[in-house]
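Working notes, structure below.
The values are calculated or read from the model by the stated rules, or taken from the named source; none is laboratory data. Quick caveat: nothing in here was measured; it's all calculated off a predicted structure. Neighbour counts run over all protein chains shown; Cβ positions are idealised from the backbone, glycine included. To get the accessible areas, we keep the full protein, side chains included, count just its heavy atoms, and leave off ligands, DNA and RNA. Shrake-Rupley method; radii C 1.70, N 1.55, O 1.52, S 1.80 Å.
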Amino acid sequence: MRLGHLGAILGLWLTLLHVGCLGRSRDAAPTPMPRPRVVPAPVETPGALVPPGLRLEAGVRPTRQSVTLELDPRQETFRGEVDVELSLSEPTRVLWLHGTELTLRRAHVQTADSRVPVEAMPVGEDLLAFVAEAPLAPGTVTLHVEYSGRAYDKEDSGVFREQEEGRWYAMTQFQPLYARRAFPCFDEPGFKIPWSLTLRVRAEDAAFSNMPVRAEEPGAEGWKTVRFQPTPPLPTYLVAFAVGPFDAVDAGTAGEAKVPVRMLVPRGRGAEAAYAASVTAPLLAQLEEWFGSPYPYSKLDVLAVPGLVGGAMEHPGLITFGAPLMLRTPETDTLWRQRGFAETQAHELAHQWFGNLVTPAWWDDLWLNESFADWLAFKVVKRWQPTWRADVRRVEARGQAMQEDWLVTARSIRQPIESPGDIHGAFDGITYGKGAAVLAMFESSVGQDAFQRGVRHYLRTHASGIATTEDFFHALSLEAGQDVAPAFSTFLDQPGVPLVAMTLQCPKDGAPRLALEQKRYLPLGAKDTSGPHGWHVPLCVRYAVGAKEGRACTVLTGASDTLELSEAKGCPDWVHPNADARGYYHALLRGDGLEKLARRGGSRLTVPERLVLMADARALVGSGELDVGQALTLVARLGEGDAELVSSAAEVVDSVHRDLVPDSLRSHRARFVRGLFGGRARAVGFVSRPGESEETRLMRPSLLSMATTEGEDPRLRAEARRLTLRWLQDRSTLAPEDRATVLSAAAAAGDAELHQRLREAARTATDEERRLLLATLGGFRDVTLANKSLELLLDAKVDTREALAILFGLLSEAPTREVAFTFLHEHFDALRERLPRDLTTWLLGGGGFFCDAAHRDEVARVFGPRARDVEGGERVLAQSLERVDQCIAQREALRPGLTRFLARY
Ligand SMILES: [Zn+2]
């Protein structure tokens, strides 16, 4: 699964602004939705019923399930019938299944020779009990249940409904715990069974599911019955269906078995799926080649979910995408959107093997799905489109995951699951980004071929079944000829980033060597009480003696060790501490190592290697181990040239400034930023030109937003305003990919008149334009205007999900942070009524942008009680408070160095 709105709160804001996981507004005023669940739910137990804990009991196992649903997307409820075939290993009186907000009507158990009545009742919020008079004998029985359920119109999980152009559509999203809202079931990934699905729908609606249609029969009064072929064994979370006036666009065939491919889109939007249709088959071919086995399902539909749904979900045979990511008219399409779609599609297609064919036995092994899908997506996209340089994207994603891993409160990749909140929390940047980076590191360490054989071995052994991390270790160790488990576990089962300090020693008698030491990287202000951490760190360094380059590798297992540079014929001119950017660690080059590397080695380093150095510099400033002036000088030197280097340099400069710069030095900082980016920004300009290189197009947003917004370049500011006003009059005057950069630059220095014009435009704009305009309204720095923007979050005509971009935009900037936070906590309950549950959780991270003790206390005071009332809320709040603590500590520690450095500008 790729969820546009999960991850760090800052990530959320960036995603909302740049990727555009936003949807269309609704005509109707929002209806109240159920309160988020409190975990664990207190359970009322009738009589002597003792409900199971987090997991269902082992003595009862499902072996197959058929589901029949009568579903009209225009209606809030649907009716259902299930037959669950069960294997009982012991005499059983109570059958426990999962079920949430289902109204039970009738139930019985069919044994080999009789029909046994059962009393059916919901227990707590998640469970259903079916109680027989006397124990059922061991063996096979079938539980039959008739019920009705709710098709939500404010959630994007369970069975949910969206309206577009006055037409209603119903879709599903069951991962991780939402199948139980659609039917009684064993809602755990380890129960992998065949499903037979039948949908009774209105004659004018189309119906789709994981499998091809087996039969379609007309029914009475405008209904029809659509029966699907039985599925191969699937866990509940992969079952999917969709009903509504979708158009099906034939996209040919894909893969070795030439399975049919279709794009399923809301009525009339087929042409917008052209790009999605063109890239799906080539990406699948790349994956089949890597796996050495064909796509395991009989069809491949890719469905665009109308409305505001970000991200994508890998259901076998029916991959779903939020429409904004999958569909785009040629006039509004951008390079970013296309790359975003292709990378996400590669991830979802990789899941057809990782997760779908072989499924984790339980949620603590979610990394077997998400880390692997992310890691392989980078590899196949790189092979398929080399100019996109997915290896660079990999390093950027690694850097983002590390920032999440800096927190003392970070999860481990494999965190024990103790509550439903832990299951939801597992879908974070640690499981995705850190997991992918750790896989890349061990792939490099055992060798690409052995690693590929290990993965294939693992998939072959457990195809159509379930598996655990130990199964993967076993397969990989066999193929690699070494036990990989001890080293791998040090990265999977404990949080944190190793910091490896390296000291170059060139003794007179003997080869040069590096003295290595490791400890947990901790930013200033972090209070780690979890005891000593140690990793088995596979690491490789690259060095040069004159024109001759060499490399040396080791696995650092203890607190310290020595790495001989045995092939070096003399003391190296420079040493790069992380060859090919494969290692998951920060490196500290002691002495003048960093200075020499930047000065002498810079041009001989790859782009990923330079990115790693910048990420290390940023980290070391944060931990007080590198002077901020030195880091900024290094970044200025390394950040020339490629687009990714420019944006990485921009990110480092940006991170160092935020809240750290005293007011008296703000103009100095602006001059420094202008000096770094201004010349190139003016040369590139806001407006793209025909025939421009992809490189220039990629670089433009970082250059221009740094020079204008942070560098406060007056000429560029005036230009941004002029271009924005012209665009508001004539929408053909800016290319889609230039719009966000221009508008946000104009907003940062915008006045009341511009605010008013943008606000008016948002009322009549197209969907794409409205999302952009709302995000722009979150970029004003004037407090009065910020308050006006915030009003839109509660405006009945605006979809609050879209308007969240305003809130997070204002929270992320110092001048408007206070008003945005005041709004957030004063209107928290109203916002919660208008948002899906998982977004409510992330609202609790809104206090994490502050950088002073008084606000930290206020955030803890007002959000503390709320966090206990929202699933997963306590971890989100704890992490946001930790970010504030770090910022406070860094502000104190960095101020002298920053003052010294900026005074020169
Ligand atoms: Zn995924």
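Points to keep in mind about this one:
- Residue within the range 377-384 that is within 14 Å of the ligand (Cβ to nearest atom), under 20 Å from the mean Cα position of the chain (by Cα) and open to solvent by 10 Å² or more (accessible area, probe 1.4 Å) present: yes
- Verdict on residue 512 being within 30 Å of the chain's Cα centre (by Cα) and farther than 28 Å from residue 443 by Cβ: no
- Whichever residue in the range 68-105 is under 17 Å from residue 116 (Cα atoms) and hydroxyl-bearing (Ser, Thr, Tyr) and, among such residues, is farthest from the chain's Cα centre (by Cα): 92
- Of the residues making up the range 361-373, none is open to solvent by 10 Å² or more (accessible area, probe 1.4 Å), within 15 Å of the ligand (Cβ to nearest atom) and either within 23 Å of residue 740 (Cβ to Cβ) or outside any helix (DSSP H, G or I) (or both).
- Flag for residue 35 being open to solvent by 70 Å² or more (accessible area, probe 1.4 Å), part of a loop (DSSP other than H, G, I, E, B) and at pLDDT 95 or above: no
- Selection of strands (runs of 3 or more DSSP E) fully inside the range 200-315 by the criterion of at least 2 residues being farther than 26 Å from residue 379 by Cβ and under 27 Å from the mean Cα position of the chain (by Cα) returns 206-209, 241-244, 259-266, 300-305.
- Residues located in the range 96-126, provided they are within 20 Å of residue 178 (Cα to Cα) and either touching a Phe, Trp or Tyr at 6+ places or on another chain (Cβ under 6 Å) or open to solvent by 40 Å² or more (accessible area, probe 1.4 Å) (or both): 101, 102, 103, 104, 122, 125
- Qualifying positions in the range 468-506 - in contact with a Ser or Thr (Cβ under 8 Å, 6 or more places away or on another chain) and either under 12 Å from residue 451 (Cα atoms) or part of a loop (DSSP other than H, G, I, E, B) (or both): 475, 483, 484, 493, 494, 495
- Hits in the range 766-800 - residues which are open to solvent by less than 60 Å² (accessible area, probe 1.4 Å) and closer than 19 Å to residue 732 by Cα: 767, 768, 769, 770, 771, 772, 773, 776
- A count restricted to the range 858-873 and to residues that are crowded, with 16+ Cβ neighbours inside 10 Å and not acidic (Asp, Glu) stands at 9.
- Contact annotation: residue pairs with Cβ atoms under 6 Å, 6 or more positions apart or on different chains, pairing a residue in the range 443-457 that is assigned to a helix (DSSP H, G or I) with a partner that is among the aromatic types (Phe, Trp, Tyr), are 443/451.
- Some residue of the range 278-295 being at pLDDT 95 or above, of a type in the set (Ser, Thr, Tyr), surrounded by 15 or more Cβ atoms within 10 Å (Cβ to Cβ) and in the same structural domain as residue 158 (by TED's automatic domain parsing): no
- Listed by position, the strands (runs of 3 or more DSSP E) inside the range 548-657 whose residues that are over 26 Å from the mean Cα position of the chain (by Cα) and acidic (Asp, Glu) number at least 1 are 548-556, 560-564.
- Qualifying residue in the range 728-738 (condition: part of a helix (DSSP H, G or I) and surrounded by 23 or more Cβ atoms within 10 Å (Cβ to Cβ)): no
- Helices (runs of 4 or more DSSP H) completely within the range 827-898 that count 1 or more residues being within 22 Å of residue 624 (Cβ to Cβ): 853-868
- Residues that are open to solvent by 40 Å² or more (accessible area, probe 1.4 Å) and not in a loop (DSSP other than H, G, I, E, B), drawn from the range 127-141: 133, 134, 135, 140
- Top-ranked residue in the range 322-360 [being away from the ligand (no atom under 16 Å from the Cβ) and in contact with a strand residue (DSSP E or B) (Cβ under 8 Å, 6 or more places away or on another chain); ranked as nearest to residue 160 (Cα to Cα)]: 323
Matching residues to (1) at pLDDT 95 or above; (2) among the basic types (Lys, Arg); (3) farther than 17 Å from residue 369 by Cβ:
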| position | (1), (2), (3) |
| --- | --- |
| 418 | no, no, yes |
| 423 | no, no, no |
| 448 | yes, no, yes |
| 464 | yes, no, no |
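- Checked against the criterion of being more than 16 Å from the ligand (Cβ to nearest atom), of a type in the set (D, E, K, R), assigned to a helix (DSSP H, G or I) and open to solvent by less than 10 Å² (accessible area, probe 1.4 Å), the range 401-411 has at least one qualifying residue.
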